[in-house]
Each structure stands twice: as C-alpha cells, then as structure tokens.
1. Does the range 63-86 include one or more residues that are more than 19 Å from the chain's Cα centre (by Cα), closer than 27 Å to ARG9 by Cα and in contact (Cβ under 8 Å) with a residue 60 or more places away in the chain?
2. Picking from LEU283, LEU261, LEU251, which residue would you name as being part of a helix (DSSP H, G or I), over 20 Å from the mean Cα position of the chain (by Cα) and more than 21 Å from PHE97 (Cα to Cα)?
3. Here is a list: THR126, THR147. Which entry is among the β-branched types (Val, Ile, Thr), more than 28 Å from LEU251 (Cα to Cα) and surrounded by fewer than 23 Cβ atoms within 10 Å (Cβ to Cβ)?
4. Name the residue that is farthest from PHE272 (Cα to Cα), counting only residues in the range 154-163 that are crowded, with 22+ Cβ neighbours inside 10 Å and not β-branched (Val, Ile, Thr).
5. Do any strands (runs of 3 or more DSSP E) entirely within the range 354-459 hold 2 or more residues that are buried (at least 19 other Cβ atoms within 10 Å of the Cβ), and if so, which?
6. Please go through the range 269-286 and give me each residue that is in contact (Cβ under 8 Å) with a residue 24 or more places away in the chain, within 17 Å of ALA303 (Cα to Cα) and open to solvent by 30 Å² or more (accessible area, probe 1.4 Å), ordered by number.
7. Looking at GLY49, GLY20, GLY28, can you tell me which residue is more than 30 Å from GLY217 (Cβ to Cβ), at pLDDT below 95 and not hydroxyl-bearing (Ser, Thr, Tyr)?
8. Taking the condition of being open to solvent by less than 30 Å² (accessible area, probe 1.4 Å) and free of Cβ contacts under 8 Å to residues at least 40 places away in the same chain, how many residues in the range 292-313 meet it?
Amino acid sequence: MRELPGFRRGPVLAVAAAVGVVLTAVSGRYGYFGDELYFVAAGHHLDWGYADQPPLLPLIALLMDTVAPGSVAALRIPATLAIVTAVVLAALLAREFGGGGRAQLLAAGAVAVSPGFLATGHLLATSTIDPVVWIAVTYLLVRWVRTRSDRLLLAAGLVTAVGLQAKFLIVAFWGVALVAVAVCGPRELLRRRALWAGAAIAALTTVPTLVWQARNGWPQLEMGRIVAAESVYAGGMLGFLPLGFFAFGLLIGSVLGVVGLVRLLRTPELRFLGVTALGVSLLFMVAGGRPYYIAGVLPLLWAAGAARVERVRPAAWWRWVPTWPVYALTAAAVLWGNVLPIQPVSFHADQPLQIGNFQRDEIGWPAVVADVQAAHRALPPDVAPDAVVVTGDYWTYSAIQKFAPELRSFSFSRGAAWFGVPPEDSDAVVFVGDPSAIASGFGQVERIGALDNDERVANLVQGTPIHLLTERRLAWAQLWESARHL
C-alpha cells in the first residue's frame with residue numbers, strides 16, 4: 001500500500017468554512033424556493049414514497065421545519081453542510097490520487113467556486129444531496145483501489161442506501177461502474193462479498209419506496225419521461241455537456257476536468273473511473289437527463305486533474321489557469337453574478353422573465369398567498385364555508401399550505417396530486433392558475449383576480465390568474481383522475 005501525502009487539514013477546512021459562511025450569509029436573504037415549499041408540504045404528508053421522489057428530502061424538510069418553524073435559513077442548513085462536505089471530499093480525493101497540499105487545495109477550491117455547486121448548495125433540493133452521495137462513493141472506491149479494505153465497499157453500500165432515499169440516479173452510476181470494472185478491471189472488485197453485501201443493503205432500503213410506487217401505478221417512471229421531454233428546453237443533447245461540464249466548473253473545472261479524465265483513462269487501475277464518468281454522461285445525454293445529473297462525477301475528475309497538475313508542469317498556454325488569481329477572480333465573478341442572492345430584491349424589479357433564474361422564484365410567496373386569502377374572504381358568507389382552493393401548480397399549493405394552512409387547499413400537479421382530493425361536499429372553488437383541466441365540470445367559471453408578489457418581479461407565478469368555479473356537476477374523483485399530471 002503506497003503512502004499518501006499528509007492531509008492539509010487547516011487550509012482545506014478553511015476553504016470549506018468560507019463556503020459555509022457565504023451560503024449561510026445568504027440563506028435567508030429572500031425566501032423559500034418553490035421546490036423547498038413542496039418538500040415541506042410533502043413532509044407534512046410523510047410517506048414511504050412520492051410520485052416524483054423517494055422520501056428523504058420531505059423527511060429532512062419536516063425535521064428542519066419542526067425544529068425551526070418558518071425559518072428558511074434553518075431549512076437550508078443541510079444543504080450548506082452537504083456542499084461543505086463536497087469541498088472536503090474533493091480534497092480527500094486529490095490526496096488519494098497522490099496529491100499534496102497544492103492539489104488538495106486546487107480540488108477543494110474547484111468545488112468552492114463552482115457556480116453549480118454553490119447554486120444548489122443555496123437550496124434544499126435533491127440536486128444538492130445526490131451529488132455529494134456520488135462524491136462519497138467515488139472516494140470510497142478510489143480508496144479501496146489503494147487499500148483493498150473491504151470495509152470501504154460496505155461503507156459505499158451504506159452511502160448508496162442513503163442516496164437512494166433522495167434520488168435513484170446513483171443506480172446509473174453503479175450500473176456503468178460495474179460494467180467498466182468488468183471491462184477495464186480491477187475485476188477483483190466484482191468478487192468481493194462486501195460489494196454485494198453493500199448492494200443488498202442498498203436494495204433492501206428501497207423496498208418500501210418501490211412498494212409505494214407499485215401501489216400507485218409507478219408515477220416515477222412517468223416522471224422520467226417528463227424530465228426527458230423538458231430537457232429539450234435546456235439545450236437537449238447538444239447542450240447537455242456544455243451546461244453540465246462548463247456551467248459547474250467554468251474555466252477552472254473544465255481544465256482540471258479534462259486533465260483528470262485523461263489521467264484516469266491512462267492509469268490502468270483507475271481507468272474504470274474515467275470510463276464510468278464518460279459512460280454516465282453519455283447515458284444521461286441519450287436518456288434526456290438534466291445537465292446537472294453529472295455533477296457527482298465532476299469532483300472526481302477535478303481531483304485527479306489537480307493531482308496531475310501538481311506533479312507535472314502544465315503547458316505554458318494554460319498553466320496560469322490553476323493558480324490562486326484565477327480562483328479569486330472566479331469566486332468574485334460567481335459571488336457578484338446571478339448565482340447567489342447577493343443583490344437586494346429591488347434589483348430584480350421590472351426586468352423581463354428569465355426561465356431558470358431561481359432567485360426570483362424565492363421572492364414574494366407571502367404576498368401571493370395573501371391574494372388567494374383575499375379572494376377566499378371575498379366569497380359570499382353562505383359560500384365560503386364549503387369552498388376549497390385548488391391550484392394548477394404544486395408550488396402555489398405548497399405556499400398556501402405553508403402561509404395559509406387554514407384554507408382547504410389541493411392541487412393536481414406533480415406529487416401534490418397524491419396528497420388528497422377535495423371532498424365531495426365542497427362547493428365553490430377558488431382556482432389558482434389555468435382552470436381548463438377541470439372547467440368542464442363546472443357550470444360557471446369567472447376570473448376574479450391574479451397573483452402579485454408586490455415587488456414587480458417577473459417570476460413563474462407572477463400574474464397567475466385566480467378564478468371562481470361554481471355549480472360543480474362532476475364528481476371530484478372523476479375530475480381529479482383526468483386533471484392529475486406530473
């Protein structure tokens with residue numbers, strides 16, 4: 001077993017702490033992101049599975065919302081800790097590749113200035129937790145290659161078991177990795193009992209979620225098809241690698257990533273990792289996955305590249321890239337760019353809608369819920385007691401659940417559609433969104449208002465119409481079945 005360089009604990013932990021401080025400083029600056037509201041709502045409908053995800057994120061959201069009700073900053077603590085962990089794991093990966101202090105800092109810094117990791121680390125999301133699981137698994141595999149300690153394989157199985165409770169994407173990693181091992185070696189890995197014991201543990205932990213999926217018609221499969229269709233709007237196959245590779249790494253990550261990939265492919269005992277990185281990228285590209293799906297393999301490449309750069313003097317035309325001035329300029333650009341909510345809310349006012357600008361979708365939720373409350377209060381006294389609120393999107397439903405729990409609210413959108421159906425004895429409906437999916441079941445449909453965040457910020461819910469639907473003539477069960485969508 002070869003001896004490793006010392007771990008540069010102080011500098012690496014300083015970089016990780018700096019990331020934690022930055023994310024904490026902005027964590028409560030605006031408000032909840034729409035998906036975060038949904039996770040909180042899903043947590044209050046805790047189950048073994050959901051139409052669009054396994055149960056881990058709703059459970060975390062429920063725990064954080066119970067400990068600190070209504071605190072956006074508290075809700076995001078697990079996300080901050082996840083990215084801080086990713087920074088440290090990247091440095092440890094560089095060390096496993098033989099990297100000394102400089103390589104460890106280069107790898108940690110690549111994660112620390114990554115727009116993709118900082119943006120996802122600002123929010124509690126499956127896209128925050130899942131990559132960290134991948135990084136941890138790759139670290140354990142790289143360490144096993146060096147030490148042949150089977151306890152690492154069992155640990156990889158346990159980490160995978162946790163990851164499967166957040167997202168099923170780790171299955172793709174293992175599928176490609178095992179094929180890569182069979183082709184490139186070390187085939188000894190496939191004969192280790194600890195590997196298959198870990199796999200069995202991971203598989204067993206998914207049984208309750210799979211049972212839920214089976215009982216509910218496997219909605220997760222339909223969700224996969226929807227994601228593939230939506231990926232067309234994110235550049236499709238042509239835009240997959242640029243958006244996934246460059247957007248997460250910018251110049252630093254792109255250079256280290258290419259160097260690292262070449263290094264892995266040229267090293268026989270590590271070649272399977274390079275092939276795995278290429279394989280999962282190709283798989284998600286062809287399957288119509290989202291570009292950020294490959295985030296979990298990028299720190300592996302950055303760490304391998306950092307260790308290579310430390311030992312071999314780079315060519316003159318790019319040796320300036322992995323240097324502290326470039327890292328500092330990149331960090332400044334990321335902080336003052338559109339990655340984190342540094343600017344005041346007024347900065348976003350009176351600007352055209354930008355799809356993908358997640359910061360704007362953190363703005364104005366209490367105000368738009370107040371509009372729904374006002375529409376409900378305006379109902380005639382004899383109508384209001386039996387009225388329900390129905391939304392055409394799961395974000396607004398989740399916001400109503402959070403800020404106006406006194407309203408009986410429902411939605412036929414995404415996972416929220418499985419949280420309940422309006423009671424048959426309900427009467428009028430205050431509908432938020434486009435009511436066409438259920439309008440045929442009502443005698444009268446009247447527009448009575450619109451959502452306004454009171455900040456003049458164009459986001460995905462600003463201007464959403466509010467309608468009043470009366471004289472229902474079809475059963476809710478029938479309406480729900482036809483309107484429910486992912």
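1. No, every residue in the range 63-86 fails to be more than 19 Å from the chain's Cα centre (by Cα), closer than 27 Å to ARG9 by Cα and in contact (Cβ under 8 Å) with a residue 60 or more places away in the chain.
2. Details: LEU283 fails: over 20 Å from the mean Cα position of the chain (by Cα); LEU261 fails: more than 21 Å from PHE97 (Cα to Cα).
Step by step, each of LEU283, LEU261, LEU251 is checked, and only LEU251 is part of a helix (DSSP H, G or I), over 20 Å from the mean Cα position of the chain (by Cα) and more than 21 Å from PHE97 (Cα to Cα).
3. THR147
4. The initial filter retains those residues of the range 154-163 that are crowded, with 22+ Cβ neighbours inside 10 Å, namely 156-157, 160, 163.
If we keep only those that are not β-branched (Val, Ile, Thr) too, we end up with 156-157, 163.
Details: ALA156: 16, GLY157: 18, GLY163: 21 Å.
Looking at the filtered set, the residue picked out is GLY163.
5. In the range 354-459, the matching strands (runs of 3 or more DSSP E) lie at 388-391, 409-411, 429-432.
6. Matches in the range 269-286: GLU269, ARG271, VAL275.
7. Working: GLY49 fails: more than 30 Å from GLY217 (Cβ to Cβ); GLY20 fails: at pLDDT below 95.
Residue meeting the stated conditions: GLY28.
8. Here the count works out to 0.
The values are calculated or read from the model by the stated rules, or taken from the named source; none is laboratory data. Model, not experiment: these values are computed from the prediction. When we count neighbours, we look across all protein chains shown, and the Cβ atoms used for this are built from the backbone with ideal geometry, even at glycine. To get the accessible areas, we keep the full protein, side chains included, count just its heavy atoms, and leave off ligands, DNA and RNA. Shrake-Rupley method; radii C 1.70, N 1.55, O 1.52, S 1.80 Å.
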